[in-house]
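Working notes for the structure below.
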């Protein structure tokens, strides 16, 4: 026993080296499969075929088709972010402050955890099965209420249909993130406001919403980024009929269109830029929110 | 008070309607393959389809390998950062959050540019290389969830004391990690594992752009060519996601009891 | 009719009766403490006065008006919470001026009043700060200023000092009392700390399991506890088992030793009862006549600094007594045979 104890101090030195070896795989992995690819894109956006630094790739972004693709993406992401925030907030408020039984709150949070991951191809299929031409709800509305959805011009394979589908994972994400913030609203604040003469509405206007707004705005940014990068759902739902930015990139990569890798770089770079800014806004606002509610 | 409760129930009811209808619709549609009433015909067709079996099996294997890789990379990292290099924490956390910031389509684009046939590591050139690339790509996508789960788990046990106790008894690093640390964060690792499984099973973008025949592209192909089978597939995918989440909940609740007893 | 009347107040949560037939009359300008252990109902009564809980039955009248049906935001009551409850998004000034802003007062009036309040609580320079930049004691003072700014009829404090460090607690305690006296505002102070209650209050209400066991001045509560609970909860207490020997003559038996209390006692010979006495009323040694003298020996000696607490074994039981530290005389040692003297008036008789 004494020999192993005495030898421990000496073993400390190689141990330090060994520790570095412990984290090395991670950094190697991150470099090879995260940092380098991203850097390649970011740098490639500013290089032409000869390897010279240029802005002409970014110039290609100004082409009308590309511009409109980005514009549609931004519209879609903004719409689903705002609606996701609104509806998610109402549901979260209902389960935290609405006086509903606790098991219901837990059930809804669990469901939100699952639903926020239920994106992509299966989600698109589910919505086609529900609101497609022969979908469950479409048929229901026709047979029970006499409402002809498709006759009125509705189509699930459209901007609106895609937005409706996106909400399925946007709203739960909002619920998951904003519930802790709502539960952080201390009961005493409301009571203090009441004792000082404030009505419920005044409490919300003067105290609760101001305290919540960094979280609300931050989550809006997060939802925006979330929607912007989504592509599998769109492809499965609309094929390539709706040109959103990720689908244009997808086509570029696959070589479906005239293969111009530098356009691909530019589009990818613009996407990274937008999502990075949105995420930065989210993080900054979250730090602000946490500072107040120590 | 009761007026508030009325509005709350209304909000929950409307939300419930929106979220349950697609599930109902998906299930209903999947049962309608036979013209005369409900049947599991679509499921029968799908499950018997050799392509389904092949792609689904392939995705399952891929998911399991991703989980294994994820554990091998994340557990030692989280452990050493916590124990020895607390200063590295912000960097590591930033890196683990990058896959959530950078859209996956951009990441796979980067892979194709770097690891194509004319580069130093021509992974896309061979079957083995492409699958390896896909594996690492999925490990990257699941990194945030895996790291967060494991880190949370490590936070609850005193790894400093456990390590010193093991060292004083003569254990080396590998043994410490495998025999002392891993079993104690088993539940957290499982959470991360189930999330990874759910992500990998239905993943489309990586697989499609790297031309791999996994479950995701198979589903999209079905969506373009069949009417009823896609809904059945969606039900299967949804059931798997639910099962994964459900198992996470089950295991976390199970572990609460075991830690209390300790 | 007093300024604040609480009449037959009852509160049940489902099947559980938390407050049982609570009655109290508080004069204008009085400082009343509700003292009791956790769960005794003191906070519930306070919250009913504030309007945050609705009584199951009973009434609350302020200045002749029945406010029982009035919503909390119409009662003009100032409330200070244990957790300060300052609005985190507003500065100190905005917090204090909140109630006035709700009332619709003008900017100049609000500003003047806020300045006044900041002076009152001793924080004149901190107006621009946010709550997260203040210490606990400072936050609580701001909370007090905020409650007082609206010129409330009644000031309610719910264990305001419990979350603070001991030193701050003592200094803030004195400040609160000083401000209350200066403004002459009727105040109810809820606490589980008897030192706070005894040192600050005009009267104390000792509560136990939803009932007010005793209402009286601190002196009365301490020296003439009405029930066993009050005797035990407030201050330290010696409790000795005894038997009633002669009710009319007032003789009890402490083990084999007869003790004359020289006053008529309720009950019959043979009844079991408890004798209660405070440690400071027991004197070491033989005192003058009129005292009960008991012989025993010293069982334990605890040197607490300025006070020496000695446990004496007497008549088969233990009696704790406190003496002051004498720098020249070391404390007595364990085992020393001693006599203790107790005035018969200091022996309180409680039911067994």
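For every residue, the table says whether it meets (1) within 9 Å of another protein chain (Cβ to nearest Cβ); (2) at negative phi; (3) at pLDDT 85 or above.
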| site | (1), (2), (3) |
| --- | --- |
| B:82 | no, yes, yes |
| B:92 | yes, yes, yes |
| B:97 | yes, yes, yes |
| B:103 | yes, yes, yes |
| B:108 | yes, yes, yes |
| B:111 | yes, yes, yes |
| B:116 | no, yes, no |
| B:119 | no, yes, no |
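Filtering B:212, B:236 for residues that are touching a residue at least 12 places away in the same chain (Cβ under 8 Å) and either facing chain A (nearest Cβ under 9 Å) or touching a strand residue (DSSP E or B) at 6+ places or on another chain (Cβ under 8 Å) (or both) leaves a single hit, B:236.
Residues are listed down the side, and each one gets a yes or a no for (1) modelled with pLDDT of 80 or more; (2) surrounded by 13 or more Cβ atoms within 10 Å (Cβ to Cβ); (3) touching a strand residue (DSSP E or B) at 6+ places or on another chain (Cβ under 7 Å):
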{"site": "C:256", "(1), (2), (3)": "no, no, no"}
{"site": "C:259", "(1), (2), (3)": "yes, yes, yes"}
{"site": "C:276", "(1), (2), (3)": "yes, yes, yes"}
{"site": "C:279", "(1), (2), (3)": "yes, yes, yes"}
{"site": "C:291", "(1), (2), (3)": "no, yes, yes"}
{"site": "C:301", "(1), (2), (3)": "yes, yes, yes"}
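When we screen B:200, B:179 for residues that are more than 11 Å from every other protein chain (Cβ to nearest Cβ) and within 19 Å of the chain's Cα centre (by Cα), the only hit is B:200. Considering only residues in region A:183-201 that are free of Cβ contacts under 8 Å to residues at least 12 places away in the same chain and surrounded by fewer than 16 Cβ atoms within 10 Å (Cβ to Cβ), the one that is nearest to the other protein chains (Cβ to nearest Cβ) turns out to be A:199. Does residue A:247 qualify as being at negative phi, more than 7 Å from chain B (Cβ to nearest Cβ) and at pLDDT 85 or above? Against the criterion (at negative phi, more than 7 Å from chain B (Cβ to nearest Cβ) and at pLDDT 85 or above), residue A:247 qualifies.
None of A:147, A:91 is within 13 Å of chain B (Cβ to nearest Cβ) and either modelled with pLDDT under 90 or within 23 Å of the chain's Cα centre (by Cα) (or both) except A:91.
Do you know which of the residues in region A:1-46 that are touching a helix residue (DSSP H, G or I) at 6+ places or on another chain (Cβ under 8 Å) and more than 9 Å from every other protein chain (Cβ to nearest Cβ) is modelled with the highest pLDDT? Per the stated criteria, the residue is A:42.
All conditions in (1) surrounded by 15 or more Cβ atoms within 10 Å (Cβ to Cβ); (2) away from chain B (no Cβ under 13 Å) hold for residue A:223, with the sole exception of (2). The criterion of being over 23 Å from the mean Cα position of the chain (by Cα), over 30 Å from residue B:91 (Cα atoms) and free of Cβ contacts under 8 Å to residues at least 40 places away in the same chain does not hold for residue A:28. Being surrounded by fewer than 20 Cβ atoms within 10 Å (Cβ to Cβ), in contact with a helix residue (DSSP H, G or I) (Cβ under 8 Å, 6 or more places away or on another chain) and away from chain A (no Cβ under 13 Å) is a property that does not hold for residue B:163.
Per the conditions (1) under 19 Å from the mean Cα position of the chain (by Cα); (2) more than 30 Å from residue B:158 (Cα to Cα); (3) within 12 Å of chain A (Cβ to nearest Cβ), the sole criterion not satisfied by residue B:62 is (3).
Criterion applied to B:202, B:172, B:223 was being free of Cβ contacts under 8 Å to residues at least 24 places away in the same chain and buried (at least 22 other Cβ atoms within 10 Å of the Cβ), and the one residue passing it is B:223. Here residue B:154 clears all of (1) within 20 Å of residue B:81 (Cβ to Cβ); (2) at pLDDT 90 or above; (3) away from chain A (no Cβ under 11 Å) except the condition numbered (2).
To keep it simple, each residue is scored yes or no on (1) touching a residue at least 24 places away in the same chain (Cβ under 8 Å); (2) within 29 Å of the chain's Cα centre (by Cα).
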position: C:29; (1), (2): yes, yes
position: C:66; (1), (2): no, yes
position: C:76; (1), (2): yes, yes
position: C:110; (1), (2): no, no
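For region B:107-138, name all the residues that are farther than 22 Å from residue B:202 by Cα and assigned to a helix (DSSP H, G or I). B:113, B:114, B:123, B:125 - these are the residues of region B:107-138 that are farther than 22 Å from residue B:202 by Cα and assigned to a helix (DSSP H, G or I).
Taking region A:142-168 as the range and being touching a residue at least 24 places away in the same chain (Cβ under 8 Å) and either exposed (fewer than 14 other Cβ atoms within 10 Å of the Cβ) or in a loop (DSSP other than H, G, I, E, B) (or both) as the test, the residues that pass are A:156, A:157, A:158. The residue list C:159, C:174 contains one member that is more than 30 Å from residue C:294 (Cβ to Cβ) and loosely packed, with under 15 Cβ neighbours inside 10 Å, which is C:174.
Among the candidates B:12, B:46, B:60, which residue alone is buried (at least 19 other Cβ atoms within 10 Å of the Cβ), touching a residue at least 12 places away in the same chain (Cβ under 8 Å) and more than 18 Å from residue A:127 (Cα to Cα)?
Values: B:12 fails: touching a residue at least 12 places away in the same chain (Cβ under 8 Å); B:60 fails: buried (at least 19 other Cβ atoms within 10 Å of the Cβ).
None of the others qualify; the one that does is B:46.
In region B:10-57, of all residues being farther than 30 Å from residue B:212 by Cα, assigned to a helix (DSSP H, G or I) and more than 7 Å from chain A (Cβ to nearest Cβ), the one that is farthest from the chain's Cα centre (by Cα) corresponds to B:10. The residue that is farthest from residue C:202 (Cα to Cα), among those in region C:214-249 that are assigned to a loop (DSSP other than H, G, I, E, B) and touching a residue at least 40 places away in the same chain (Cβ under 8 Å), is C:237. Tallying residues that are surrounded by fewer than 14 Cβ atoms within 10 Å (Cβ to Cβ) and in contact with a strand residue (DSSP E or B) (Cβ under 6 Å, 6 or more places away or on another chain) within region C:1-18 yields 1.
Among the residues of region A:113-134, those that are more than 7 Å from every other protein chain (Cβ to nearest Cβ) and either more than 20 Å from the chain's Cα centre (by Cα) or in a loop (DSSP other than H, G, I, E, B) (or both) comprise A:116, A:119, A:128, A:131, A:132, A:133, A:134.
The values are calculated or read from the model by the stated rules, or taken from the named source; none is laboratory data. Since the structure is predicted, the reported quantities are computational estimates derived from the model, not experimental observations. Glycine gets a Cβ as well: all are built from the backbone with ideal geometry, and neighbour counts include every protein chain shown.
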